[in-house]
1. Which residues, taken from region 172-193, are touching a residue at least 40 places away in the same chain (Cβ under 8 Å) and more than 20 Å from the chain's Cα centre (by Cα)?
2. Can you give me the number of residues within region 252-267 that are in a helix (DSSP H, G or I) and over 30 Å from residue 119 (Cβ atoms)?
3. Can you name the residue in region 186-214 that is modelled with pLDDT of 95 or more, out of contact with any helix residue (DSSP H, G or I) (no Cβ under 7 Å at 6 or more places or on another chain) and part of a loop (DSSP other than H, G, I, E, B) and is also surrounded by the fewest Cβ atoms within 10 Å (Cβ to Cβ) among such residues?
4. What's the number of the only condition in (1) at pLDDT below 95; (2) over 23 Å from the mean Cα position of the chain (by Cα); (3) at negative phi that residue 262 fails to meet?
5. Could you please find all residues in region 281-299 being without any contact (Cβ under 8 Å) to a residue 60 or more places away in the chain and either closer than 16 Å to residue 231 by Cα or in a helix (DSSP H, G or I) (or both)?
6. Give the residues of region 137-169 that are touching a strand residue (DSSP E or B) at 6+ places or on another chain (Cβ under 7 Å) and either surrounded by fewer than 20 Cβ atoms within 10 Å (Cβ to Cβ) or outside the structural domain of residue 63 (by TED's automatic domain parsing) (or both), sorted by residue number.
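The values are calculated or read from the model by the stated rules, or taken from the named source; none is laboratory data. These numbers were taken from a predicted model, which means no experiment stands behind them. Don't worry about glycine lacking a Cβ; one is built from the backbone with ideal geometry, like all the others, and counts go over all protein chains shown.
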């Protein structure tokens with residue numbers, strides 16, 4: 001009998017739908033699946049209030065853990081053959097609830113010496129968040145054997161508009177009746193079940209060596225070189241902002257909120273003004289850096305972790 005644990009935090013329910021669709025093709029035939037939902041204390045309400053969303057930036061980016069409901073004893077006492085970890089990306093970083101779990105003693109207890117597959121659903125930029133995830137898993141002794149990233153496939157500026165509509169209204173519909181639906185497409189959510197059979201095969205054979213290659217062939221990870229560059233530069237700038245704002249006090253502090261407002265407007269400026277300029281630079285340097293970009297694509301599509 002193979003025991004699989006799905007650990008997740010899904011604020012909107014989108015990620016849980018993806019995980020459940022995958023699980024349908026994994027369970028059965030001597031494979032049982034359990035779930036552990038990470039529930040933060042207090043919960044992050046959805047839809048977001050704009051002030052609350054932007055005020056969560058410093059703690060998100062700096063990976064400062066917070067309180068959450070611990071796993072039940074029945075989960076902590078069991079040794080799992082595979083853990084599937086579903087997470088969201090907040091400010092180019094694994095979300096606070098998932099980060100909090102991975103920095104707790106429970107993570108090591110559950111994940112040490114255990115094969116782990118990470119699954120994320122986000123707007124588009126996830127590369128550096130996954131690099132941070134790799135380090136967190138390494139810190140608790142987990143064995144990352146697979147990664148799936150499902151994203152909003154619409155162009156960057158369209159997805160900015162649609163995801164903002166969803167986040168702050170709570171409605172996953174066509175904004176103004178003309179924009180596409182936000183988030184991962186219904187088709188991609190439904191077809192996430194295709195990852196189930198190769199995962200189950202690797203699990204039952206105790207051989208995860210080629211699993212990531214199979215996931216990539218199935219379209220589970222697609223690397224956009226422009227977003228790789230944007231993600232890296234965004235992390236550098238976010239680091240400066242986060243370290244500045246965190247010194248102004250805790251969440252809700254009036255002095256801090258003034259800087260949060262400035263960060264909000266900077267972010268909008270970066271998306272609508274700086275990003276197009278960066279894209280032009282990307283195009284101009286594409287051929288000279290083609291070889292390096294090819295190397296980067298292969299690395300970021302893998303489960304390997306470079307040494308710092």
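1. Of everything in region 172-193, nothing turns out to be touching a residue at least 40 places away in the same chain (Cβ under 8 Å) and more than 20 Å from the chain's Cα centre (by Cα).
2. 11
3. 209
4. (1)
5. The answer is 281, 282, 283, 284, 290, 291, 292, 294, 295, 298, 299.
6. Going residue by residue through region 137-169, those that are touching a strand residue (DSSP E or B) at 6+ places or on another chain (Cβ under 7 Å) are 137, 142-151.
Within region 137-169, just 143 meets the criteria.
Yes/no matrix, rows are residues, columns are (1) surrounded by fewer than 16 Cβ atoms within 10 Å (Cβ to Cβ); (2) modelled with pLDDT under 95; (3) part of a loop (DSSP other than H, G, I, E, B):
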position	(1), (2), (3)
6	no, no, no
11	no, yes, yes
17	no, no, no
23	no, no, no
33	no, no, no
45	yes, yes, yes
53	no, no, no
